[in-house]
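Reviewing the structure listed below.
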Amino acid sequence: MLRRTIPFQASKVSGGSAKNQAGSPRKKGKQFNVYLDTPVSPKEVLKDQRHRYGQDLHSRLPEYRPGHNVVMDQYFSLTATTKGVVSIRRSRINPNYKWLDVDPDIQKVRRGKEIREELAKRGQTTAMVATNDHYRQELDKMYEPTWRERVLKEQSLTERFVDPNLFARGVVPELKPLDRYYYE
């Protein structure tokens, strides 16, 4: 008895990202020139970001911004300034706002990754100190899972700008309003 089976083949639609389908190489979405979380040499181009032509100014901005030890040229290409490990840092308020960082201490990155993997198996986090910027995200997820709602809530003017009279009387130690373009 003959049995006919349906061949399981990958769909052409889901084969790759829409950016990288047919088209000229200049129009295709550019991938990273290096592997993330791996060491790179100085003056190595990390990502080519050509000018994107959109209708409004914001759609033409680069996808990644230069972070620590990374520079960006006039064509939005990101280049490492030192030898180190490449990583992506995302804004806590708007995850679409991303920086490319190069950490010069390769051994620190490797050991830190191993420690975090080991502690994640036990359900723990590393170096939970509020002053440590690197682990602020771990603290937020543990102590305040709904921090995003608090940050996105529009502050009233009295909350955002402290009364200068309180500062003059010594009730408030400093006047420090948040910057208009503040990314946490």
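Here are the numbers:
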| item | result |
| --- | --- |
| Over 26 Å between alpha carbons, listed pairs Lys98/Lys141; Lys47/Lys108; Lys83/Lys113; Lys113/Lys176; Lys153/Lys176; Lys47/Lys153 | Lys113/Lys176; Lys47/Lys153 |
| Nearest-0.05 FRET efficiency for Leu119 and Ser87, computed from C-beta distance (R0 25 Å) | 0.85 |
| P(r) tail fraction, segment 29-122 - alpha-carbon pairs more than 16 Å apart, % | 59 |
| Footprinting exposure proxy for Asp48, Asp103 (fewest neighbouring C-beta atoms within 10 Å first) | Asp48, Asp103 |
| Residues Glu149 and Val171, FRET efficiency given R0 of 22 Å [Cβ-Cβ distance, rounded to 0.05] | 0.15 |
| By average C-beta atoms within 10 angstrom, highest first, the peptides 154-165, 62-73, 78-89 | 78-89, 62-73, 154-165 |
| Net charge of neighbours whose Cβ lies under 13 Å from the Cβ of Thr38, counting Lys and Arg as +1 and Asp and Glu as -1 | 0 |
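Here, each number is a calculation from the coordinates, and none is a lab measurement. Here the structure is a predicted model, which is why all the values come from computation and not from measurement. For neighbour counting, all protein chains shown are included, and Cβ atoms are generated from backbone atoms with ideal geometry for every residue, glycine included.
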